[in-house]
Every structure is written in C-alpha cells, then in structure tokens.
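The values are calculated or read from the model by the stated rules, or taken from the named source; none is laboratory data. The structure displayed is predicted, hence computed values, not measured ones. For neighbour counting, all protein chains shown are included, and Cβ atoms are generated from backbone atoms with ideal geometry for every residue, glycine included. Please note that ligands, DNA and RNA were not included when accessible areas were found on the heavy atoms of the full protein model with its side chains. Shrake-Rupley method; radii C 1.70, N 1.55, O 1.52, S 1.80 Å.
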Amino acid sequence: MSYINKNYWDTFYKKDTGLSEASTFSEYILREFSGMQSQFMVIDLGCGTGKDSFYFAKNGFETIGIDGSEEVTKINNSKIDNLIKNSISFHCADLSDQNNVAQLLESFNEKTKESKKQLLIYTRFFLHAIPEEVEDIILENLCSNIETPFIFVSEFRTKEDEVLDKVYNNHYRRYVETDKLLLKLLGKGFSIKNFTKGQGFSIYKNEDPYLARITVEKKKNV
C-alpha cells in the first residue's frame, strides 16, 4: 500500500498556497496543554507545510513533523531558524507501510524514555486523507510500540462534510464515521477525554467544513 495522490501533494506543496498560518486546532490544543511544554513531545503526523509543527515549537514544545512527501519535508527543514533549531525536526515517512510505521514509533518510544516526556500525537486534516487500512496500521502500532502513556488528538472531516462545497476538491478524501472511530478507539483501550463535531472550527475562504475534534488517552501498556 502506498500514499494516495503522492504526486498531487508533492506538486501542491511546491506552490505558494498561502497555508502558512497556524490552524485554529493547533491554537485550541496549545490552550489545552498550556504550561505543559516540559511534559510533552509533539509528534505531528501528516504535518504538510509544517505550519502547526512550527507553531508548537515556537511555543516551547519539542516537536517532530512527519509527512509522506519528500518535497514538503525538504521545504520544512529549510525553514527552521536558529531560534527553534534544537526543538524541531521534519522527517519523511510512508505511514502506509507497516514496517516503516513500526520503526518510527519504536524510535519515538525510545525518545520518551530518554526525555522522560509523554507523546502528544497530533493530526489535523490527516485521518480523512488516508484509507481506513492506514488508520488501522497507525493505531495498531501506537498501541503496540509506545510503552508509556500518550495522548492522541485529531481534527478531521466527517460524513456530514461529504456533501458540502470544498475549495480543494480534486484529491482523495475519506469522510470519517465518528461513531465507528470512537468505538474502535475504545476497543483498543483508549479513554475519550473530549469529543465534539460541527462547523465553525476551521473556516477557509468560503468553506466551512463539518469537522470532528477528539482527544483520547492511552495508559501505559503492560
């Protein structure tokens, strides 16, 4: 299995899309975890242009951005300035590949032991950009390879968004069934700390998508 529309995203990221401001979701998460910079390391899966990764790093979080596009990874690394060079890095990884994901999460597990920080796994507009099989690979490996407690936060498009107008409507999207996802997370031992969905979260131009936001926690694996 490989990334869907990889060429599309490589081409997309070469353009100046104007998508450089931190998202409202990253601002929301920063408020929720204010004052906890020494406790958490942010892992931004599907980081894209890195706007949220940079936002977290500039606000004191050690941050790692992961994306499947080599093009955007190079661009993001070239934008790191001296003020945050010790607190942020970007890496390209195929998150649809079982072995790649396992190795990546094993490395994060080691980092938590070294730094004595918990992982804050962050995804925005990522879950709906991958097939459910890839979602399963990521969740399975989070549960099996991260030995310490961690928190998973995500913002994504739901089934209710499928019929709404889109600014960018020429690439793959999967509209997530929230009830199904929540049951899956509960079945894997996550506890749900926060869940909400609706519109008004992330308005862009004339688009007001129907989104869900979730915060779930996984206790230490035994």
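Pull up the range 134-189, narrow it to residues that are in contact with an Asp or Glu (Cβ under 8 Å, 6 or more places away or on another chain) and among the polar types (S, T, N, Q), then point me to the one that is surrounded by the fewest Cβ atoms within 10 Å (Cβ to Cβ). Per the stated criteria, the residue is Asn145.
Which one is nearest to Ile29 (Cα to Cα) among residues in the range 196-216 that are small (Gly, Ala, Ser) and part of a loop (DSSP other than H, G, I, E, B)? Checking each candidate, the answer is Ser202. For the range 80-133, taking the residues that are of a type in the set (S, T, N, Q) and in a helix (DSSP H, G or I), the one that is most open to solvent (accessible area, probe 1.4 Å) is identified as Gln103.
Please work out which residue is modelled with the lowest pLDDT, limiting yourself to the range 1-45 and to residues that are part of a loop (DSSP other than H, G, I, E, B) and among the aliphatic types (A, V, I, L, M). Restricting to residues being part of a loop (DSSP other than H, G, I, E, B) and among the aliphatic types (A, V, I, L, M), the top hit is Met1.
Where residues in the range 58-79 are at pLDDT below 95 and aliphatic (A, V, I, L, M), which of them is surrounded by the fewest Cβ atoms within 10 Å (Cβ to Cβ)? Among those residues, the one meeting the criterion is Ile75.
Thr158 meets each of the listed conditions (1) touching a helix residue (DSSP H, G or I) at 6+ places or on another chain (Cβ under 6 Å); (2) touching a residue at least 60 places away in the same chain (Cβ under 8 Å); (3) among the hydroxyl-bearing types (Ser, Thr, Tyr) apart from (2). A single entry from Leu164, Leu139, Leu183 fulfils the requirement of being over 18 Å from the mean Cα position of the chain (by Cα), farther than 21 Å from Arg31 by Cβ and part of a helix (DSSP H, G or I): Leu183.
Do the conditions hold for Ile146, that is, is it touching a helix residue (DSSP H, G or I) at 6+ places or on another chain (Cβ under 6 Å), free of Cβ contacts under 8 Å to residues at least 60 places away in the same chain and not charged (D, E, K, R)? Working first, answer last.
On the way: touching a helix residue (DSSP H, G or I) at 6+ places or on another chain (Cβ under 6 Å): yes; free of Cβ contacts under 8 Å to residues at least 60 places away in the same chain: no; not charged (D, E, K, R): yes.
Judged against the criteria, Ile146 is not a match.
So, in the range 177-196, exactly how many residues are among the charged types (D, E, K, R) and touching a residue at least 12 places away in the same chain (Cβ under 8 Å)?
Of the residues in the range 177-196, the ones among the charged types (D, E, K, R) are 177, 179-180, 184, 188, 193.
Narrowing the set further to residues that are touching a residue at least 12 places away in the same chain (Cβ under 8 Å) leaves 177, 184, 188, 193.
Total satisfying the criteria: 4.
Within 27 Å of Leu104 (Cα to Cα) and surrounded by 13 or more Cβ atoms within 10 Å (Cβ to Cβ): is that true of Lys193 in this structure? The answer is yes for Lys193. When Val153 is tested against (1) at pLDDT below 95; (2) assigned to a strand (DSSP E or B); (3) hydrophobic (A, V, I, L, M, F, W, C), only condition (1) is not met.
Can you find even one residue in the range 46-57 that is open to solvent by 60 Å² or more (accessible area, probe 1.4 Å) and either at pLDDT 95 or above or more than 17 Å from the chain's Cα centre (by Cα) (or both)? Before you say what the answer is, go through the steps one by one.
To start, the set of residues in the range 46-57 that are open to solvent by 60 Å² or more (accessible area, probe 1.4 Å) comprises none.
Taking every residue of the range 46-57 in turn, none turns out to be open to solvent by 60 Å² or more (accessible area, probe 1.4 Å) and either at pLDDT 95 or above or more than 17 Å from the chain's Cα centre (by Cα) (or both).
Here Ile75 qualifies as more than 15 Å from the chain's Cα centre (by Cα), at negative phi and β-branched (Val, Ile, Thr).
Looking only at the range 209-222, filter to residues that are modelled with pLDDT under 95 and open to solvent by 50 Å² or more (accessible area, probe 1.4 Å); which one of those is farthest from Lys159 (Cα to Cα)? Explain how you work it out, then say what you get.
First, the residues of the range 209-222 that are modelled with pLDDT under 95: 219-222.
Right, trim to open to solvent by 50 Å² or more (accessible area, probe 1.4 Å) and you get 219-220, 222.
On the way: Lys219: 29, Lys220: 32, Val222: 35 Å.
Only one residue tops the list, namely Val222.
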